[in-house]
Amino acid sequence: MDQQFWDDMYGETEQRFSGLPNDALVAEVTGMAPGQALDLGSGEGADAYWLAERGWQVTAVDISKVAIERASAGHPEISWRQADITVTPLPARSFDLVSAHYFPIGHEPGHATVRGLLESVAPGGTLLFVAHDPAEFPEPDEHVHEQERHGPRFDPYAYYLPADILGLLDDQWTVQVDERRDRNRPAAGHQIKDLVLRLQRAN
């Protein structure tokens, strides 16, 4: 899932997603005092727009140049950055809210990328990390090759899940939400469940 993968995906259509902010973002951030926010994996910008409309100073980061160019059109109030955070570290202790929805971070020795994600949260700030529930991904039919069906199979266990992040925390973090939750907008005709993790860093 490198830049070319995401550029190709966004380039297939003029609009890939609904244009609505993610459910967990609305549920967890509504009522929170605005400050500096990082929208990680910002895609076509719906979450960044929603945050900016509520007074947040938003930095939106995505690996895809196509997505950033599309999302940034007409929204100069948001700081748009095309970057790969596995290569370019995030600024430390800089954001009152770090929001990462369905952001695929592959497992790596030392957990450098996830540790950098945690470190980017300012004292007193919040990390909102939302992942697809792996249970929503059925096992492939052993008689059908994935390449013949949909291309390479997405393996959710190849990427960090909330439980992995919980295992990296020290005592400066408070777990405010850790739950499996229905998504309000089902996809492909069936209910989708997410894993929602909300953490707060000590002042």
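Non-local amide H neighbours of residue 177 (under 5 Å, H modeled in plane, Pro and chain starts lacking H): which ones?
Placed amide hydrogens put 198 under 5 Å from residue 177.
Kindly report the accessible area of the chain per residue (heavy atoms of protein chains, probe 1.4 Å, no ligands, DNA or RNA), in Å².
Heavy-atom SASA per residue in the chain reads 53 Å².
Quick one: what are the phi-derived ³J(HN,Hα) couplings along the range 33-46, Karplus 6.51/-1.76/1.60 with θ = phi - 60°, whole Hz, x for glycine and proline?
5, x, x, 8, 10, 10, 9, 9, x, 5, x, 7, x, 4
Considering only the other residues whose Cβ falls under 12 Å of the Cβ of residue 174, what net charge follows from Lys and Arg at +1 and Asp and Glu at -1?
Net local charge, residue 174 excluded: -1.
For a quick check, take a GNM of the chain with Cα springs below 10 Å and name the residue from 166, 51, 38 with the largest mean-square fluctuation.
In this elastic network of the chain, the residue with the biggest mean-square fluctuation among 166, 51, 38 is 166.
Starting from the Cα of residue 73, step 7 Å along the direction of its Cβ; do the same at residue 202; then give the gap between the two resulting points in nm.
With each label point 7 Å from Cα toward Cβ, the separation is 4.8 nm.
Rounded, prolate or oblate: pick one for the range 1-116, where a ≥ b ≥ c are the square roots of the eigenvalues of its C-alpha gyration tensor, a/c under 1.5 means rounded, and failing that, prolate if a/b is larger than b/c, else oblate.
Working: a/c = 1.63, a/b = 1.07, b/c = 1.53.
Verdict is oblate for the range 1-116.
Once you keep just the Cα pairs under 8 angstrom separated by 6 or more residues, what percentage relative contact order results for the range 3-105?
Relative contact order of the range 3-105: 31 percent.
Net charge within 13 Å of residue 58 by Cβ-Cβ distance, Lys/Arg positive one each and Asp/Glu negative one each, not counting residue 58 itself?
Local net charge: -4.
If amide hydrogens are placed 1.01 Å from N in the peptide plane, which non-local residues have theirs closer than 5 Å to the one on residue 193?
Residues meeting the amide H criterion: 133, 183.
Whenever you get a sec, compute what percent of the accessible area on the range 1-94 sits on carbon and sulfur atoms (1.4 Å probe).
Values: 2420 of 4880 Å².
Of all accessible area on the range 1-94, carbon and sulfur atoms account for 50 percent.
Calculate for the chain the 222 nm mean residue ellipticity that helices alone would give, adding -39,500 (n - 2.57) per DSSP H run of length 4 or more and normalising by residue count, nearest 500 deg cm²/dmol. Let's see the in-between values first.
Values: 7 runs with 49 residues, N = 203.
Calculated at 222 nm, the ellipticity per residue is -6000 deg cm²/dmol.
Taking 22 Å as R0, compute the FRET efficiency from the Cβ-Cβ separation of residue 158 and residue 9 and round it to 0.05.
Working: r = 18 Å, r/R0 = 0.80.
Rounded to the nearest 0.05, the efficiency is 0.80.
Sorted by packing (mean other beta-carbon atoms within 10 Å per residue), highest first, where do 2-8, 114-120 land?
The peptides rank, most packed first, as 114-120, 2-8.
The values are calculated or read from the model by the stated rules, or taken from the named source; none is laboratory data. Quick caveat: nothing in here was measured; it's all calculated off a predicted structure. Note: ideal-geometry Cβ built from the backbone for every residue, glycine included; neighbour counts use all protein chains shown. To get the accessible areas, we keep the full protein, side chains included, count just its heavy atoms, and leave off ligands, DNA and RNA. Shrake-Rupley method; radii C 1.70, N 1.55, O 1.52, S 1.80 Å.
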